């Protein structure tokens, strides 16, 4: 990758990692539904100029059904679920849970689409799942949290399930649609879907300045700008290299939570994060084990 592409990759990881910081800052004052709704509405407003193009409007009309599904499963539902979790969980922990998305993409492809998984891929799935169970057990099972904490962690997992479904669905139903049209259309659908609940559940006490800043950062920087960077990076560096960002999100999420919210990064969180990322790398083929040509072959790690 070129240095400029690496810089964009780091910026994208920083922005998506910051989304967990902003949700943590804004969810307690806005509430999960209004924060999710304002995020979608703000992002849709940023994409509004795209709808001036007749070609994009034609794409929206032709593919409105799959775009509606994407808007719900890739935007509206995950926004609500992660915003709910942000009221309870530290930003860093929510970001770590987001790292299991590639695991679920691989698992769902194997279960529902009969996609082939090799032994290393299956091993990676088991390792990644062990990391998730470790985090849940340490945080909620040993006196550090109650039913609300468990529910928040399950909400994070449910959000990643939505993302995994969206990956397969978009690959099958939106192959010929412009990525920017898909991004704009999904945000528009999410905004329309969440607008009624945003109005209905709007907090009686007006959110403070910090919460509003967090909301705007979430909608503009972490959603609209991040989408543009994401698709441009795919065009320049390719999808496989762009997916490295999935490994940067938890690192930046933990970093921002520690710097701006004073969140502790415990040994248990470090272990869980490392196990999940190792399992993800194994499942997605970033780490490959290949036998050496010797009488008694030993596995070597090849990082690609």
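The values are calculated or read from the model by the stated rules, or taken from the named source; none is laboratory data. Quick caveat, the model's predicted, so the values are computed rather than measured. Cβ: placed from backbone, ideal geometry, glycine included. Neighbour counts: every protein chain shown.
What to note about this one:
- Residues that are out of contact with any strand residue (DSSP E or B) (no Cβ under 6 Å at 6 or more places or on another chain), at pLDDT below 90, more than 27 Å from residue 276 (Cα to Cα) and part of a helix (DSSP H, G or I) do occur in the range 212-233.
- Applying the condition of being outside any helix (DSSP H, G or I) and closer than 25 Å to residue 232 by Cβ to the range 1-44 and asking which residue is modelled with the highest pLDDT yields 2.
- Flag for residue 131 being surrounded by 15 or more Cβ atoms within 10 Å (Cβ to Cβ), touching a residue at least 24 places away in the same chain (Cβ under 8 Å) and farther than 26 Å from residue 260 by Cβ: no
- You will find that of 267, 245, 199, the residue that is within 30 Å of residue 129 (Cα to Cα) and exposed (fewer than 15 other Cβ atoms within 10 Å of the Cβ) is 267 and no other.
Residue by residue, here is whether (1) outside any helix (DSSP H, G or I); (2) out of contact with any helix residue (DSSP H, G or I) (no Cβ under 7 Å at 6 or more places or on another chain); (3) crowded, with 18+ Cβ neighbours inside 10 Å holds:
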| residue | (1), (2), (3) |
| --- | --- |
| 55 | no, yes, no |
| 108 | no, no, no |
| 149 | no, no, yes |
| 153 | no, no, yes |
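- Only one of 260, 265, 230 that is more than 24 Å from residue 123 (Cβ to Cβ) and under 14 Å from the mean Cα position of the chain (by Cα): 230
- Residue 68 being in contact with a helix residue (DSSP H, G or I) (Cβ under 8 Å, 6 or more places away or on another chain), surrounded by 22 or more Cβ atoms within 10 Å (Cβ to Cβ), at pLDDT 95 or above and within 20 Å of residue 177 (Cβ to Cβ): no
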